[in-house]
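S.K.: Okay, here's the structure, questions in a sec.
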Amino acid sequence: MVKIVVTGISILSCLGDTQATWEGVINGISGIKFHQPFDYFPPLPLALINSHPSLIDDVTTTLIQDLLIRSNLELPLKDTGIVVGSSRGCQSHWENFLSCPKSRFSPPWLNTLPCQPSSIIARYIQSSSIVLSPTNACATGLVTIAQGYELIKQQRCERVIVGAIETPVTPLTMTGFTQMKALSNMGCDPFGKARNGFVLGEGGALLVLESEALAKSRQAKIYGEILAWGMSCDAQAMTAPEKEGYTAISSIEQCLQRSQIQRHEIDYIHAHGTGTILNDQREAKIINQLFPHYPQVSSTKGVTGHTLGASGAISTALSLLSLDRQILLPNTSLSPSEFELNFCTKSQKHPLRKILCFSFGFGGQNVVISIGIN
């Protein structure tokens, strides 16, 4: 049986690079600040990498350069597959084109297709292997991991770079979420009683997946194993989740069955935890129903913001670091919790063997990834 392991991790968030993001998360230091990037919007809490909105090209290049250093890989990587997605892609470029009609049909437009992050990475590492660019709303990051896992399982690749990247702070995105009343005006409060929406954030994460045999042959550091995945779709509404959680539960059960692990073996759940009324309510209900053994639970969006499609990639990357270092990730919220879950309120040493990462996107897209160590 082919085991798929993670041998490289790179994160970029409002907190900084991989190490800065890790330190910010475990110390409960939020990177969310009030910004007014566009003068026709009032100041709002946002999770920006810099003082102004970033471009997806720059974030992608920074992440792949850092990943290669951290995974001890050298160019070229011709046989390495790529599955890197984004829910917003190059939307900021498109909005600029529309506001400047003369540049609408200029050559740079060809470099603003939705697959731009995966294309940048493919060119950078000189890959001639499979290149995919999924888009599954806020579940995009976990979908890329599942697809990369399957490429190795099916022996179509021995190594795949997976992940997701978002730079969604644009006028159109902010207008849309404001009209939906989805954005918070105070900050991100995962599972808190006073929660009133999510905080839009920038960033992304990349992982190197490879067969255990290949990883051992090059004496690579192994952060953990991708055990399995589960997916489902509510197919009910454009935005609101199916409130009873039946389809989300089916994705969790799929994942556990494929992982060949029992519910009581889960030590920690990295929840989607957006700070919205409906998501947190449904997610808490699901966790209480399926995991009566009271596993540790947290969402890190309280300090990183909600990076939409990249959020699952970032949460999995942080969970792998948590697994490797045997340190729990705290749930940083602004108000007392509304739900009776076993929230980790501060980072601490804790025995971790099996972890679940949840992503529940608009359109009812539910994806779950299980990771573990021997």
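The values are calculated or read from the model by the stated rules, or taken from the named source; none is laboratory data. Please read these numbers as outputs of a predicted model, since none were measured by experiment. Glycine gets a Cβ as well: all are built from the backbone with ideal geometry, and neighbour counts include every protein chain shown.
S.K.: It is to be established whether one or more residues within segment 175-188 are outside any strand (DSSP E or B) and among the β-branched types (Val, Ile, Thr). If you could, list the steps in order and put the result at the bottom.
M.R.: First, pick out the residues of segment 175-188 that are outside any strand (DSSP E or B): 175-182, 184-188.
Restricting the remaining residues to those that are among the β-branched types (Val, Ile, Thr) gives 175, 178.
Yes, there is a match, as at least one residue in segment 175-188 is outside any strand (DSSP E or B) and among the β-branched types (Val, Ile, Thr).
S.K.: Also, quick follow-up: Working carefully through the options 314, 269, 277, find the one that is more than 22 Å from residue 203 (Cα to Cα) and either modelled with pLDDT of 95 or more or surrounded by fewer than 24 Cβ atoms within 10 Å (Cβ to Cβ) (or both).
M.R.: Details: 314 fails: more than 22 Å from residue 203 (Cα to Cα); 269 fails: more than 22 Å from residue 203 (Cα to Cα).
Testing whether each residue is more than 22 Å from residue 203 (Cα to Cα) and either modelled with pLDDT of 95 or more or surrounded by fewer than 24 Cβ atoms within 10 Å (Cβ to Cβ) (or both) leaves just 277.
S.K.: Using the structure shown, decide if residue 30 is touching a Pro at 6+ places or on another chain (Cβ under 8 Å) and not basic (Lys, Arg). Break it down stepwise before answering.
M.R.: On the way: touching a Pro at 6+ places or on another chain (Cβ under 8 Å): no; not basic (Lys, Arg): yes.
The answer is no for residue 30.
S.K.: Just need a number here: residues in segment 75-111 that are farther than 28 Å from residue 139 by Cα, assigned to a loop (DSSP other than H, G, I, E, B), of a type outside the set (Ser, Thr, Tyr) and modelled with pLDDT under 95.
M.R.: So the answer is 3.
S.K.: Would you check which residues across segment 115-154 are in contact with a strand residue (DSSP E or B) (Cβ under 9 Å, 6 or more places away or on another chain) and in a loop (DSSP other than H, G, I, E, B) and list them?
M.R.: Scanning segment 115-154 gives 115, 127, 129, 130, 133, 134, 135, 137, 139.
S.K.: May I pose another question? Among the residues of segment 200-224, which ones are closer than 15 Å to residue 313 by Cα and either in contact with a Pro (Cβ under 6 Å, 6 or more places away or on another chain) or in a strand (DSSP E or B) (or both)?
M.R.: The initial filter retains those residues of segment 200-224 that are closer than 15 Å to residue 313 by Cα, namely 201-209, 223-224.
Across segment 200-224, the qualifying residues are 201, 203, 204, 205, 206, 207, 208, 209, 224.
S.K.: Then there is this: Restricting the first residue to segment 91-107 and requiring it to be surrounded by 11 or more Cβ atoms within 10 Å (Cβ to Cβ), which pairs with a second residue that is modelled with pLDDT under 80 and polar (S, T, N, Q) meet a Cβ separation below 9 Å and a spacing of at least six or different chains?
M.R.: The qualifying pairs are 96/103; 97/103; 97/106.
S.K.: Restricting attention to segment 248-260, report how many residues are touching a helix residue (DSSP H, G or I) at 6+ places or on another chain (Cβ under 9 Å), over 26 Å from residue 192 (Cα atoms) and hydrophobic (A, V, I, L, M, F, W, C).
M.R.: 1
S.K.: Still on this structure, please answer the following. Answer yes or no as to whether residue 365 is without any contact (Cβ under 8 Å) to a residue 60 or more places away in the chain and either surrounded by fewer than 24 Cβ atoms within 10 Å (Cβ to Cβ) or not assigned by TED's automatic domain parsing to the domain that holds residue 189 (or both).
M.R.: Values: without any contact (Cβ under 8 Å) to a residue 60 or more places away in the chain: no; either surrounded by fewer than 24 Cβ atoms within 10 Å (Cβ to Cβ) or not assigned by TED's automatic domain parsing to the domain that holds residue 189 (or both): yes.
Spelling it out, it is not the case that residue 365 is without any contact (Cβ under 8 Å) to a residue 60 or more places away in the chain and either surrounded by fewer than 24 Cβ atoms within 10 Å (Cβ to Cβ) or not assigned by TED's automatic domain parsing to the domain that holds residue 189 (or both).
S.K.: Still on this model: Quick check: anything in segment 337-349 within 17 Å of residue 205 (Cα to Cα) and modelled with pLDDT of 95 or more? Working first, answer last.
M.R.: Start the filter on segment 337-349 by keeping residues that are within 17 Å of residue 205 (Cα to Cα), which leaves none.
Checked against the condition, which is being within 17 Å of residue 205 (Cα to Cα) and modelled with pLDDT of 95 or more, segment 337-349 yields no hits at all.
S.K.: Within segment 245-252, can one find any residue that is part of a helix (DSSP H, G or I), at pLDDT 95 or above, assigned by TED's automatic domain parsing to the domain that holds residue 306 and among the polar types (S, T, N, Q)?
M.R.: yes
S.K.: For segment 158-174, which positions are assigned to a helix (DSSP H, G or I) and of a type in the set (Val, Ile, Thr)? Walk me through how you get there before you give the answer.
M.R.: First pass over segment 158-174, keeping only residues assigned to a helix (DSSP H, G or I): 171-174.
Correct list: 173 only.
S.K.: If only one of 256, 151, 227, 206 is surrounded by 18 or more Cβ atoms within 10 Å (Cβ to Cβ), under 26 Å from residue 324 (Cβ atoms) and touching a Lys or Arg at 6+ places or on another chain (Cβ under 7 Å), which one is it?
M.R.: 256
S.K.: Does residue 361 satisfy the criteria of being under 20 Å from the mean Cα position of the chain (by Cα) and at pLDDT below 95? Please lay out each step first, then the result.
M.R.: Numbers: under 20 Å from the mean Cα position of the chain (by Cα): yes; at pLDDT below 95: yes.
Yes, satisfied.
S.K.: Hey, among 241, 171, which residue is crowded, with 23+ Cβ neighbours inside 10 Å, under 29 Å from residue 14 (Cβ atoms) and in contact with a helix residue (DSSP H, G or I) (Cβ under 8 Å, 6 or more places away or on another chain)? Please lay out each step first, then the result.
M.R.: Values: 171 fails: crowded, with 23+ Cβ neighbours inside 10 Å.
Result: 241 is the single residue among 241, 171 that is crowded, with 23+ Cβ neighbours inside 10 Å, under 29 Å from residue 14 (Cβ atoms) and in contact with a helix residue (DSSP H, G or I) (Cβ under 8 Å, 6 or more places away or on another chain).
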